[in-house]
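Engineer: Mind having a look at this structure? Questions to follow.
Nothing in this text is a laboratory measurement; each read-out follows from the coordinates by a stated rule. Quantities reported herein were computed from a predicted structural model and do not represent experimental measurements. A quick note on method: Cβ atoms are made from the backbone with ideal geometry, for glycine too, and the neighbour counts reach across all protein chains shown.
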Amino acid sequence: MCWMCDHPRATRSEYLNHMLDLVAQYGWAVQAVGRDGLHPPWAYTVGLTEAGLPELVVSGMPVRRAQDLLNDVASHVVHSGVALMPGQQVPLVGGPTIEIVELSESTARLVTAVDIYGLGIRALQLVHADDRGNWPWQAGYRGRQLVLGKRASPPATAA
């Protein structure tokens with residue numbers, strides 16, 4: 001059950017304070033948005049902005065799996081200091097390969113993060129390949145995932 005469902009009389013301000021408590025305790029929190037008739041489920045981090053990092057977003061993945069993916073990637077980025085770069089493809093251990101896509105409009109999708117940190121936040125989407133390795137922009141992709149930005153050229157690698 002969601003926090004707001006468990007606290008039906010809570011205000012938006014109380015919810016934002018709850019999220020800030022999670023950020024203070026863990027370094028970030030994950031906000032999930034269930035699927036509706038038109039859009040697949042999606043989830044995003046709240047709190048990476050405090051560490052000077054872009055928030056992370058994933059779409060078209062069941063909430064629990066999205067939460068695990070976001071927590072794993074956020075933990076890696078925070079603790080390793082390795083920045084994610086738009087266009088970068090990362091094969092995840094035991095998971096899908098992801099491609100990093102910068103959101104073209106962060107403020108439209110990350111309502112809780114915007115409510116806390118303001119309109120200047122940045123966000124990167126973890127676009128995931130399907131179980132056959134196809135991407136949402138390829139024919140034969142199996143899944144329902146919104147890509148929320150434009151693909152970038154892969155980052156240059158050191159020679």
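Engineer: Calculate the FRET efficiency for Leu146 and Leu20 from the Cβ-Cβ distance with a Förster distance of 30 Å, rounded to the nearest 0.05.
Structural biologist: 0.60
Engineer: Then there is this: Taking Cα pairs under 8 Å and at least six residues apart, what relative contact order does the chain come out at, in percent?
Structural biologist: Value for the chain: 20 percent.
Engineer: Taking a label point 7 Å from the Cα of Thr11 along the Cα→Cβ vector, which residues of region 111-127 have an amide N closer than 17 Å to it?
Structural biologist: 115-116
Engineer: Where does each of Asp130, Asp36 land when they are ranked from fewest to most other beta-carbon atoms within 10 angstrom? Mind dumping the intermediate values first?
Structural biologist: Numbers: Asp130 17, Asp36 8.
In increasing order of surrounding Cβ atoms, one gets Asp36, Asp130.
Engineer: With each pseudo-label sitting 7 Å past Cα toward Cβ, what's the Val111-Thr97 distance in nm, one decimal?
Structural biologist: 3.5 nm
Engineer: What is the sum of charges around Ala43, taking Lys and Arg as +1, Asp and Glu as -1, for the other residues whose C-beta is under 15 Å from the C-beta of Ala43?
Structural biologist: Details: positive: Arg35, Arg64, Arg65, Arg109, Arg144; negative: Asp36, Glu55, Asp68, Asp72.
So the environment of Ala43 carries a net charge of +1.
Engineer: In region 88-141, which GluC sites (Glu not before Pro) are in a loop and have at most 11 other Cβ atoms within 10 Å, using DSSP for the loop call?
Structural biologist: On the way: sites: Glu99, Glu102, Glu105; in loops: Glu105.
Those satisfying the criteria are Glu105.
Engineer: Follow-up question, since we're still on this one. Once every DSSP H run of n ≥ 4 in the chain is given -39500 (n - 2.57) and the sum is divided by its residues, what mean residue ellipticity at 222 nm do you get, rounded to the nearest 500 deg cm²/dmol?
Structural biologist: After summing the helix terms and dividing by residue count, I get -8500 deg cm²/dmol.
Engineer: Just to confirm the number: angle between the C-alpha axis of helix 12-26 and the first principal axis of the chain, 0 to 90 degrees, nearest 10?
Structural biologist: Taking the Cα atoms of the chain, the angle to 12-26 is about 60 degrees.
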